[in-house]
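Q: Below is one structure. I have some questions about it.
The values are calculated or read from the model by the stated rules, or taken from the named source; none is laboratory data. For clarity, every value in this text was computed on a predicted model and none was experimentally measured. With ideal geometry, Cβ positions are generated from the backbone for all residues, glycine too; neighbour counts draw on all protein chains shown.
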Amino acid sequence: MPINVISSGIMTTIQDLGRPGYYHLGIPMGGAMDRLAMRAANLLVGNPEDAAGLESVFVGPELEFTEDATVAVCGAELPPRIDGEEQPTWTALSVKRGQVLSFDFLKAGARAYIAVSGGIDTPPHLGSRATYAIGALGGVDGRAVQPGDSLPLGKASGTARPGTSVPMECRRLPGATAKLRVLPGLYWHRLTEDAQRRFFEDTWKVANEADRMGYRFQGGRPLDFVPREQPFSAGSDPSNITDACYPYGSVQVPSGQEPIVLHRDAVSGGGYFMLGTVISADMDLIGQLQPNTPTQFVKVDMETALAARQERNTLITAIRKAIG
Amino acid sequence: MAKHEIKSPIPGTFFRKPSPDEPPFKERGDKVAKGDTIALVEVMKTFHEIKADVEGTIVSFPVEDGEPVTAGLTIAELD
């Protein structure tokens, strides 16, 4: 028995934890931009953590349920309503057949993850139901959710306990000024010492060009490059390199102007230098940044990055334990 | 009639004109019908139309053209 989509906000896509393993063919991992929130939502409704749910950016959808279910909304503070009555986020909620789940105005964050008991059961492509619209993979026939769609559900585990919440201390949203930790990378030497310092000193802000492929930042001082001889096959701009692989989280700065952090639907390679990479532990936070959010990049070393990743794993373990 | 507030459902950049060289969609004192476009909010490389959800007369635009807005912020007041 499916969920009927009455409205879909600006962009609601089916996401899970993605399809790793095809990036060398140009197909990104994809999946939820905020993986912690997606996992938490699934746990609350008794699903495996990699079950498919919905990712809504800024505006929630309106969904009619044709069977009883448990739902949970994690990530952004996008207050859910069941038949008009406001409900808490990060909490397992009971929905009856015929009821409508809708949302109030966004209060904080950018992306809400909506999990439903049983998970969304659209056909997987390359091992995932995650929507990669550019490649027409996953989702509903390779696209975002639209009004009029009927989303099939899998069989619920029956283990969800409505009323259960993720403890406050396990929830994550960026602060008023977001802090993103960056590990300087292979092309760090292309920047002048002055530019290296300025990149971390300046407060940037999220530009309107921010989506699943990448987040652009602006407002910091332009970065200068160390003079060099143009390498074979590299473009003439000082920010160009001989084409190379782009890691998830890599920070490219075309012409030294506006840093772009590649995210889950990243392109896999190209000809811009990357000054470094946002560490994996902070990638979820990027998915929760609204346009114009002041952002500070913080320089870290590998040891710190690995410790942060470990801390992140501990957090997920704590959520599993709390939900039981 | 009580004042009615039109809010932006999304965060982004607020624009009162369809494009930089065109006049604003609406001016103060203009009458609007339900469904009329009042402004645009740009986010994620796209422009979203903000429409009037009631009819009335525009009293004020609390936000300047080109300014950032957050979700739920009032962008026009109707009488």
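Q: I need a count of the residues in the range A:174-204 that are within 14 Å of chain B (Cβ to nearest Cβ) and either assigned to a helix (DSSP H, G or I) or surrounded by fewer than 19 Cβ atoms within 10 Å (Cβ to Cβ) (or both).
A: 1
Q: Could you say which residue among A:A112, A:A108 is of a type in the set (A, V, I, L, M) and surrounded by fewer than 23 Cβ atoms within 10 Å (Cβ to Cβ)?
A: A:A108
Q: Return the residues of the range A:1-46 that are over 12 Å from the mean Cα position of the chain (by Cα), among the aliphatic types (A, V, I, L, M) and more than 25 Å from B:K45 (Cα to Cα); say none if nothing qualifies.
A: A:M1, A:I3, A:L25, A:A40, A:A41, A:L43, A:L44, A:V45
Q: Quick one: A:D149 ticks every box in (1) within 27 Å of A:D211 (Cα to Cα); (2) in contact (Cβ under 8 Å) with a residue 24 or more places away in the chain; (3) loosely packed, with under 15 Cβ neighbours inside 10 Å; (4) of a type in the set (D, E) except a single one, so which number is it?
A: Of the numbered conditions (1) within 27 Å of A:D211 (Cα to Cα); (2) in contact (Cβ under 8 Å) with a residue 24 or more places away in the chain; (3) loosely packed, with under 15 Cβ neighbours inside 10 Å; (4) of a type in the set (D, E), the odd one out for A:D149 is (3).
Q: Another question about this same structure. Just to be sure, is B:V32 touching a His at 6+ places or on another chain (Cβ under 8 Å) and either hydrophobic (A, V, I, L, M, F, W, C) or within 14 Å of chain A (Cβ to nearest Cβ) (or both)?
A: no
Q: Scan the range A:2-26 residue by residue and report those that are more than 14 Å from chain B (Cβ to nearest Cβ) and touching a strand residue (DSSP E or B) at 6+ places or on another chain (Cβ under 7 Å).
A: Passing the criteria: A:P2, A:I3, A:N4, A:V5, A:I6, A:I14, A:Q15, A:D16, A:G18, A:R19.
So that you can scan it fast, the table gives a plain yes or no per residue for (1) buried (at least 23 other Cβ atoms within 10 Å of the Cβ); (2) touching a residue at least 60 places away in the same chain (Cβ under 8 Å); (3) not assigned by TED's automatic domain parsing to the domain that holds A:M29:
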| site | (1), (2), (3) |
| --- | --- |
| A:S233 | no, no, yes |
| A:C245 | no, no, yes |
| A:V251 | yes, yes, yes |
| A:G270 | no, no, yes |
| A:I279 | no, yes, yes |
| A:E303 | no, no, yes |
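Q: Related question: Considering only the range A:64-166, give the strands (runs of 3 or more DSSP E) lying wholly within it that have at least 1 residues that are under 20 Å from the mean Cα position of the chain (by Cα).
A: In the range A:64-166, the matching strands (runs of 3 or more DSSP E) lie at A:69-77, A:80-82, A:100-103, A:108-116.
Q: I've got another one for you. Report whether or not A:R221 is within 14 Å of chain B (Cβ to nearest Cβ), out of contact with any Gly (no Cβ under 8 Å at 6 or more places or on another chain) and at pLDDT 95 or above.
A: Spelling it out, it is not the case that A:R221 is within 14 Å of chain B (Cβ to nearest Cβ), out of contact with any Gly (no Cβ under 8 Å at 6 or more places or on another chain) and at pLDDT 95 or above.
Q: Here's a follow-up. Here is a list of conditions, (1) buried (at least 16 other Cβ atoms within 10 Å of the Cβ); (2) among the basic types (K, R); (3) over 18 Å from A:V261 (Cβ atoms), and A:K155 meets all of them except one; can you say which number that is?
A: Only one criterion is unmet by A:K155, namely (1).
Q: How many residues does the range B:36-58 hold that are over 12 Å from the mean Cα position of the chain (by Cα), more than 14 Å from chain A (Cβ to nearest Cβ) and of a type outside the set (S, T, Y)?
A: Within the range B:36-58, residues that are over 12 Å from the mean Cα position of the chain (by Cα), more than 14 Å from chain A (Cβ to nearest Cβ) and of a type outside the set (S, T, Y) number 3.
Q: In addition: With the condition being within 30 Å of B:V69 (Cβ to Cβ), I'd like the strands (runs of 3 or more DSSP E) fully within the range A:207-324 carrying at least 3 qualifying residues.
A: So the answer is A:214-218, A:260-262, A:294-299.
Q: Pull up the range A:28-79, narrow it to residues that are within 14 Å of chain B (Cβ to nearest Cβ) and of a type outside the set (A, V, I, L, M, F, W, C), then point me to the one that is nearest to A:V95 (Cα to Cα).
A: A:E62
Q: Continuing with this model, one more query. Scan the range A:281-299 for residues that are of a type outside the set (K, R) and surrounded by fewer than 18 Cβ atoms within 10 Å (Cβ to Cβ) and jot them down.
A: Residues satisfying the conditions are A:P294, A:Q296, A:V298.
Q: Okay, next question. Only residues that are without any contact (Cβ under 8 Å) to a residue 40 or more places away in the chain and either out of contact with any strand residue (DSSP E or B) (no Cβ under 6 Å at 6 or more places or on another chain) or within 14 Å of chain A (Cβ to nearest Cβ) (or both): list them for the range B:1-29, please.
A: Selection gives B:A2, B:P18, B:S19, B:P20, B:D21, B:E22, B:P23, B:E27, B:G29.
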